[in-house]
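The values are calculated or read from the model by the stated rules, or taken from the named source; none is laboratory data. As the structure is a prediction and not an experimental result, all values here were calculated from the model. Please note: Cβ atoms are built from the backbone with ideal geometry, for glycine as well, and neighbour counts cover all protein chains shown.
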Amino acid sequence: MGRWSTLLLDDASLSEMPRLPVADVLRHADLVTEQKPHPKALYERWEDQQWSAQAIELGPDREDFERRLPTDARKLVEEAIATFIIGEYTGLDLLAPILTGAPDEEGHLYLGTQVADETRHTRLMLRLGEELLGLDPDPQRMLVQAWNMVTPPHRDLSRLETEVIRDLQEHPSDYRRWLRAVALFHLITEGVLALVGQRAIINALYDIPLLSGVKAGFTAMCRDESRHVSYGLHALRQGVAEGYGDDIRDIVEQAGPIALRIGEGGGTAEGPRGLSLHDLSIASLHRQLRQVGIERSFGDHVVGLATKNAPAGTPAHTTEDNGTERNTHS
């Protein structure tokens, strides 16, 4: 495995990933983002952290999924794969205007690596959809099937992403619109939803000696996500410092409650103390906002909007960011 490190995942090969200590995987992205790496450093990390979606062996996983996986774990995996089929393809489909609108050369270079990552993630999800879930092998038909499997809040967020990206596409040099797109795509979709979802799958499967290919793929995606979120937080920190904080707050106010509603009813998929996906999403939202320089009271406001619009019977959540970080090794 090589020398031990607090960032053990940084240097792991694809074959080593299923055996990594789960706590190290769950806290990895938070350790990376806390370092506040600049785009050039993120580019260099990308060059050192390549992996192949085609190289993951899924034959044994198919046997595990069909014959050995417990019913509750199977349902979790099915839902996660369907969600990530839509999420990763949407990321690939909508990232180009963010790349084109990058305000500086280093950011433009880094974002080119993220396009490559989203392509690789999409290919892996299409493989999982076909080879594990038995969805249609044609990508277009599979996307329709997956769209019909995701929840209404997922669809709402996808529609908002399309609106925000279309607005940027029509005004490609507008820095304010670019920051709004980055806030939605990197802070909310990736920093809150994708990262929490990937961690949930990794943690849920950790004690089950099955699905090594799925574990490797989601762990590799989690490592990639640490770079994506780090870049978004870097760009948004600059935006806040330059006076665009209200524009960033506005899009978070729109998208944050939708993202938090996605976590409702998510059970206790992550965390040694059985924290729900909703609690973990709240903690992640607070963490991202803190890192870009937006006050915690605004995060509380966004959480309050999600609670206000929650279906009847949904419990209120008052999870503290620091306490959740402690409980989830974040």
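Observations on the structure shown:
- Of everything in segment 183-238 that is of a type in the set (Ser, Thr, Tyr) and under 15 Å from the mean Cα position of the chain (by Cα), the residue that is farthest from Leu94 (Cα to Cα) is Thr219.
- Subset of segment 106-115 that is within 23 Å of Ala220 (Cβ to Cβ) and in contact (Cβ under 8 Å) with a residue 24 or more places away in the chain - its residue that is surrounded by the fewest Cβ atoms within 10 Å (Cβ to Cβ): Leu109
- Cβ-Cβ contacts under 6 Å between residues 6 or more apart (or on different chains), taken from a first residue in segment 55-75 that is of a type in the set (Asp, Glu) to a second residue that is part of a helix (DSSP H, G or I), are listed as Glu57/Gly213; Asp61/Gly213; Asp61/Val214.
- When Ala235 is tested against (1) in a helix (DSSP H, G or I); (2) modelled with pLDDT of 95 or more; (3) surrounded by fewer than 22 Cβ atoms within 10 Å (Cβ to Cβ), exactly one condition is not met: (3).
- You will find that of Pro103, Pro60, the residue that is surrounded by fewer than 19 Cβ atoms within 10 Å (Cβ to Cβ) and either over 27 Å from Ala183 (Cα atoms) or touching a Gly at 6+ places or on another chain (Cβ under 9 Å) (or both) is Pro60 and no other.
- Test: residue in segment 122-134 that is without any contact (Cβ under 8 Å) to a residue 40 or more places away in the chain and buried (at least 19 other Cβ atoms within 10 Å of the Cβ): yes
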